[in-house]
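The structure appears below as structure tokens.
The values are calculated or read from the model by the stated rules, or taken from the named source; none is laboratory data. What you are looking at is a predicted structure, and each value in this text was computed from that prediction instead of being measured. Backbone-built Cβ (ideal geometry, glycine too); neighbour counts: all protein chains shown. The area values use the complete protein model at the heavy-atom level, side chains included, leaving out ligands, DNA and RNA. Shrake-Rupley method; radii C 1.70, N 1.55, O 1.52, S 1.80 Å.
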Amino acid sequence: MNPTGKASCFLLLCLVLHPFLTQAAQPVVRLDGDRLTLQAENSSLADILGMLSDQGIRIRIDPRINPKITASFKNRTIGAAMTSVLRSVDYALIWRKDKNSTADEPRLWEIRIFYKGQEARARPLAIGANLNVVKNGDGTYCVKDILLLRLAPTITEADLAVLLDRLGATIVDVYAPLGIVRLRLPHGSDVPKIAETTAGFPGVQTAEPDYAYPLEGGGPATEGTWPSSPPPSLTPPSGKTLVAVMDSGLLAEYESSPFVQAAYDAVSPGAPIGDDLGHGTQMTLIAAGAVNPLGVGPNTLAGSRVVAIRAFDDNGFTSTYTLMRGIDYAIENGARVLSLSWGSETPGTLLESATRYAAAKGLILVAAAGNAPTGNPVYPAAYDNVIGVGALNPDGDAWDQSNYGDFVAVSAPGLADLPVGYKGDPGTYAGTSIAAAYTARRVAAILNQNPDADRATILRILAEEK
């Protein structure tokens with residue numbers, strides 16, 4: 001994230017307040033360029049490194065190394081900081097130039113920590129791979145003890161200090177593009193109630209739990225007998241338009257495929273991407289053109305290079321803030337289409353703000369309408385700046401489990417023979433998730449021909465292609 005203008009001032013304010021508004025048991029770890037701010041009292045090195053990982057830094061460490069750290073400093077160069085914190089071990093800082101960034105200077109990419117002469121024993125840091133999700137009394141889900149605040153650019157240092165002191169909260173992350181801070185509340189907090197009472201505080205525009213959303217992809221198809229699709233193709237797509245697939249990740253064996261441009265774990269930034277559920281890999285294969293839905297000719301539509309983003313954890317949950325991380329990664333890596341093969345009936349003000357931000361940055365968002373024919377709006381498909389997609393059978397008729405309603409803008413084939421299963425074996429699967437990923441591929445093809453096409457133009461072309 002590269003904050004500018006008011007967002008930069010907002011970020012600076014949060015950084016200044018960090019050391020003074022944190023509970024003693026919770027370390028403060030903030031990396032700003034090559035400068036580290038650290039407040040820790042008898043904190044484990046693993047906890048500190050985990051927070052650096054949350055900020056996008058890869059960590060490799062010998063598992064035997066995990067001393068307790070007590071330190072207090074602000075804006076110290078990362079090299080000097082690591083020297084002061086790590087007394088009896090060696091470390092290496094790996095810097096890389098981001099090819100998609102306009103900045104000339106490389107950024108810190110990885111930290112390696114090891115005993116002298118034993119660097120080969122360093123392993124990726126074992127960090128929490130799953131969100132701590134709880135169910136609220138109204139049936140919605142949220143991340144335990146986490147509150148999201150969208151702050152007005154005019155909020156004062158004093159007002160924010162008073163608010164954090166009143167809540168007993170710790171700033172754990174900042175999303176500068178939208179002026180959002182992620183707070184950790186005391187253990188066992190009633191987050192929805194606190195959000196409701198905090199919304200009217202001076203300088204707070206929006207207060208919400210970090211809402212969690214379950215992945216409800218399509219299951220194995222049982223109705224009808226359809227001809228099989230050809231096996232997956234590993235031919236590199238020819239189009240330049242990138243499709244970001246924000247889903248449950250990507251299986252390691254596909255990461256080096258020619259159609260994968262980049263991969264990122266938004267649940268555990270810095271960790272290697274994986275996919276224990278299989279759904280994200282399925283959608284990547286559809287969006288990339290390695291697999292065609294049933295009823296689509298093998299040469300009908302070229303595929304797209306894909307940015308694979310793991311936004312759902314191994315339990316099948318994502319959250320508003322996790323999705324923001326994924327959106328930011330998609331933008332930074334040049335994606336033009338964002339494929340969202342999932343949905344929930346829980347709307348969120350901050351999630352809608354994130355989709356508006358993504359659209360303003362040039363992303364065309366495509367989302368599944370849902371696999372229950374209720375007619376109820378499903379989000380993000382029902383947001384105004386998102387293309388909601390229903391599913392068709394291979395013969396062109398509506399799939400009987402596809403959702404419907406005014407928010408469904410287009411429909412597309414929704415059955416496919418997939419070499420990877422979703423919580424099960426490979427086979428023929430059905431769902432609006434498949435239709436959404438295929439529609440994302442169709443949108444990318446349109447942008448290949450007309451890079452300046454807006455959402456309205458794309459919808460018109462999609463309608464004409466029927």
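Can you name the residue in the stretch 134-173 that is of a type in the set (Gly, Ala, Ser) and open to solvent by less than 20 Å² (accessible area, probe 1.4 Å) and, of all such residues, is nearest to residue 351 (Cα to Cα)? So, considering only residues that are of a type in the set (Gly, Ala, Ser) and open to solvent by less than 20 Å² (accessible area, probe 1.4 Å), the one nearest to residue 351 (Cα to Cα) is 152.
Tallying residues that are surrounded by fewer than 24 Cβ atoms within 10 Å (Cβ to Cβ) and among the hydrophobic types (A, V, I, L, M, F, W, C) within the stretch 298-341 yields 4. Here the condition is being modelled with pLDDT under 95 and out of contact with any Cys (no Cβ under 6 Å at 6 or more places or on another chain); of 380, 419, it holds for 419 alone. On inspection, residue 249 does not qualify as farther than 21 Å from residue 214 by Cα, crowded, with 22+ Cβ neighbours inside 10 Å and in contact (Cβ under 8 Å) with a residue 24 or more places away in the chain.
Residue 291 - would you say it is crowded, with 24+ Cβ neighbours inside 10 Å and part of a loop (DSSP other than H, G, I, E, B)? Yes: the conditions hold for residue 291. Restricted to the stretch 22-59, and to residues there that are modelled with pLDDT of 90 or more and either of a type in the set (Asp, Glu) or in contact with a Lys or Arg (Cβ under 6 Å, 6 or more places away or on another chain) (or both), the residue that is nearest to residue 116 (Cα to Cα) is 36. Across the stretch 309-340, the number of residues qualifying as more than 11 Å from residue 242 (Cβ to Cβ) and touching a Ser or Thr at 6+ places or on another chain (Cβ under 6 Å) comes to 2. Out of 207, 158, 199, one residue alone is of a type outside the set (D, E, K, R) and in contact (Cβ under 8 Å) with a residue 24 or more places away in the chain. It is 207. Residue-level analysis places residue 35 among those that are among the basic types (Lys, Arg), surrounded by fewer than 19 Cβ atoms within 10 Å (Cβ to Cβ), in contact (Cβ under 8 Å) with a residue 40 or more places away in the chain and under 22 Å from residue 175 (Cα atoms).
Hey, could you check the stretch 419-445 for residues that are β-branched (Val, Ile, Thr) and under 25 Å from the mean Cα position of the chain (by Cα) and say which is farthest from residue 313 (Cα to Cα)?
Taking the stretch 419-445 and keeping what is β-branched (Val, Ile, Thr), we get 420, 428, 432, 434, 439, 443.
Filter once more, so that each one left must be under 25 Å from the mean Cα position of the chain (by Cα): 420, 432, 434, 439, 443.
On the way: 420: 18, 432: 21, 434: 20, 439: 24, 443: 27 Å.
The extreme case among them is 443.
Scanning the stretch 168-182 for residues that are out of contact with any helix residue (DSSP H, G or I) (no Cβ under 7 Å at 6 or more places or on another chain) and modelled with pLDDT of 85 or more returns 168, 169.
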